[in-house]
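Notes follow once the structure below has been shown.
The values are calculated or read from the model by the stated rules, or taken from the named source; none is laboratory data. Since the model is a prediction, treat every value here as computed from it, not as a measurement. No Cβ is skipped: glycine too gets one built from the backbone with ideal geometry, and neighbour counts run over all protein chains shown.
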Amino acid sequence: MNETVSRREVLSGLSMGVGALVAGPAAMGGSWMGGAAAVSAGDRAALIGYFARHARELLREAGGVLRFPSISCSLPRAAYSADLWDWDTLWTVRGLFRVSKLTADKALIADVAAHARGAVKNFFDHQSAEGRIPMLITVSDADPLGCLKGSRPHKENQAKPVLAQLALLIADESGEGLEWFAEYLPQLKRFYESWTVDNLSRTGLLVWGDDVAIGNDNDPTTFGRPFFSSANLLLNCLYLQDLKAAAQIAGRMHREADREVFAKQVEALEAAIQKHCWDARDRFFYTADVQCVDRRAELIPNIARGMDMSWDSMPLRIQTFTGFLPMWCGVATPTQCRELVRHLAKPETFGAKFGVRTLSAAESMYSLAKSSNPSNWLGPVWIIANYLVWKGLVLNGFEAEAKALGVATVEMLARDLAKSGSLNEYYHPDTGAALSHAGFMDWNLLVLEMV
């Protein structure tokens with residue numbers, strides 16, 4: 001994969017009009033694994049040019065309750081453009097650094113780093129006394145979703161665990177070190193403590209309190225289910241990656257005691273994901289239901305007890321894209337990775353023409369309806385899902401599969417750009433048609449790692 005782009009390509013993409021690319025309807029059926037062999041030079045130039053032209057529009061200055069500069073995940077006046085979201089910030093920053101690298105724009109690198117640091121500071125600026133952090137902050141409201149309300153154990157969800165990943169990304173991409181983050185390490189530790197106090201189940205997995213703003217909004221393994229019941233794979237894989245990042249940060253700061261604590265938490269969570277989420281029958285990772293409780297002492301106290309209840313969780317056997325995330329976060333073994341790739345190849349489940357269906361087409365809930373609140377994760381292709389699967393393939397040596405997924409993702413976004421002049425939030429998996437929220441940027445920027 002090319003790491004740099006020529007000035008000619010950038011200028012070509014910046015000037016390319018809506019009709020400059022061929023954008024016909026995609027054929028129905030088939031999997032991305034059987035698609036084109038390479039990214040089109042025209043598609044590559046168009047996407048790099050588009051993102052380069054709009055990159056600085058995502059850098060937001062301080063204002064209102066956001067006392068520090070920050071990052072927007074959408075273009076001005078588009079949906080979400082006035083909001084600071086938790087995990088969206090991580091992916092947008094990652095994508096903006098990629099734009100900077102491909103265009104050799106050192107000034108943009110510095111500006112992205114400054115605004116990304118500000119985003120981290122804004123989140124910690126509104127941390128509660130219990131260590132909790134809001135998922136969403138707007139200019140006028142530090143906690144519009146009510147993440148900091150209620151009492152322990154909080155059923156209200158809080159910010160996804162991505163802040164250590166964001167801090168480490170800033171340091172690695174800007175080359176400016178982690179000195180600025182030293183004052184926030186104690187706050188990061190309190191943030192983790194708040195997660196364990198409120199959301200750590202006896203299985204060793206974290207659970208969502210409720211189903212508000214969980215990232216993959218209407219994931220059937222969490223959406224509409226009882227409070228504190230769902231050890232969602234997305235949540236646990238994000239937390240694992242954040243603990244790994246925290247361990248690296250502590251190591252670089254020569255905080256060995258902290259590094260050891262984080263490293264032990266990593267080991268425990270990896271073991272819990274393997275034990276409770278891998279299903280040997282289906283050869284797939286599932287979100288776990290942690291409601292299993294032996295109630296004999298409560299319900300039949302006068303009857304002698306026989307064998308012990310040997311399980312404290314059950315797999316929620318609904319296949320969503322989150323089942324592939326253990327490849328991304330380093331939990332899946334080589335054998336498990338091979339099994340997961342077999343799932344990816346099946347057109348009847350995940351393998352669509354333009355990437356990975358967010359829910360298997362074999363599930364009864366499968367739907368491609370356009371929706372907000374919740375956004376639809378019941379089958380449409382989301383670039384973040386494609387990206388995380390792609391990254392997992394790359395990290396585990398599945399180069400041909402990763403290349404094919406990258407080609408399909410680039411083609412889909414380039415078609416949308418040619419047709420509409422912008423990009424959208426999610427897409428039809430078989431036709432590549434845009435389904436929601438024109439002007440969306442966010443993790444769409446991550447396609448630039450695939451070009």
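The listed residues are D282, D258, D308, and the only one of them that is of a type in the set (D, E, K, R) and either within 22 Å of G209 (Cα to Cα) or in a helix (DSSP H, G or I) (or both) turns out to be D258.
Exactly one residue out of K346, K419, K403 is farther than 25 Å from R283 by Cβ and either part of a strand (DSSP E or B) or more than 18 Å from the chain's Cα centre (by Cα) (or both), and it is K419. Would you confirm whether any residue within the range 372-385 is surrounded by fewer than 24 Cβ atoms within 10 Å (Cβ to Cβ), assigned to a helix (DSSP H, G or I) and of a type in the set (A, V, I, L, M, F, W, C)? Checked against the condition, which is being surrounded by fewer than 24 Cβ atoms within 10 Å (Cβ to Cβ), assigned to a helix (DSSP H, G or I) and of a type in the set (A, V, I, L, M, F, W, C), the range 372-385 yields at least one hit. Of all the listed residues (T333, T358), the sole one being touching a Pro at 6+ places or on another chain (Cβ under 7 Å) and modelled with pLDDT of 95 or more is T358. Within the range 148-157, identify whether any single residue is small (G, A, S), more than 26 Å from D294 (Cβ to Cβ) and surrounded by fewer than 21 Cβ atoms within 10 Å (Cβ to Cβ), and answer yes or no. Checking the range 148-157: at least one residue is small (G, A, S), more than 26 Å from D294 (Cβ to Cβ) and surrounded by fewer than 21 Cβ atoms within 10 Å (Cβ to Cβ). For the range 76-124, the set of residues classified as part of a strand (DSSP E or B) and either at pLDDT 95 or above or of a type in the set (F, W, Y) (or both) consists of L84, W85, listed by residue number. Taking every residue in the range 327-347 that is at negative phi and pairing it with any residue that is surrounded by fewer than 18 Cβ atoms within 10 Å (Cβ to Cβ) and outside any loop (DSSP other than H, G, I, E, B), at least 6 positions away or on another chain, the pairs with Cβ-Cβ distances below 8 Å are M327/L395; W328/L395; V331/Q274; L344/M33; A345/M33. Which members of the range 210-230 meet the condition of being touching a Gly at 6+ places or on another chain (Cβ under 9 Å) and either over 13 Å from T320 (Cβ atoms) or charged (D, E, K, R) (or both)? Selection gives D211, V212, F227, F228.
Yes or no, residue by residue, for (1) assigned by TED's automatic domain parsing to the domain that holds G392; (2) crowded, with 20+ Cβ neighbours inside 10 Å; (3) assigned to a loop (DSSP other than H, G, I, E, B):
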position: V212; (1), (2), (3): no, no, yes
position: N218; (1), (2), (3): no, yes, yes
position: G224; (1), (2), (3): no, no, yes
position: L235; (1), (2), (3): no, yes, no
position: L238; (1), (2), (3): no, yes, no
position: L243; (1), (2), (3): no, yes, no
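Looking only at the range 119-140, filter to residues that are more than 16 Å from E57 (Cβ to Cβ) and either in contact with a Ser or Thr (Cβ under 7 Å, 6 or more places away or on another chain) or of a type in the set (K, R) (or both); which one of those is surrounded by the most Cβ atoms within 10 Å (Cβ to Cβ)? Checked the range 119-140; the qualifying residue surrounded by the most Cβ atoms within 10 Å (Cβ to Cβ) is R132.
Here is a yes/no grid of residues against (1) out of contact with any helix residue (DSSP H, G or I) (no Cβ under 9 Å at 6 or more places or on another chain); (2) within 20 Å of R342 (Cα to Cα):
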site	(1), (2)
A250	no, no
H254	yes, no
F262	no, no
E267	yes, no
I273	no, no
A280	yes, yes
F284	no, yes
A288	no, no
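Contact map, the range 44-72: residues that are at positive phi paired with residues that are surrounded by fewer than 23 Cβ atoms within 10 Å (Cβ to Cβ) and among the charged types (D, E, K, R), Cβ distance under 9 Å, separation 6+ or inter-chain. Pairs shown: G64/D141.
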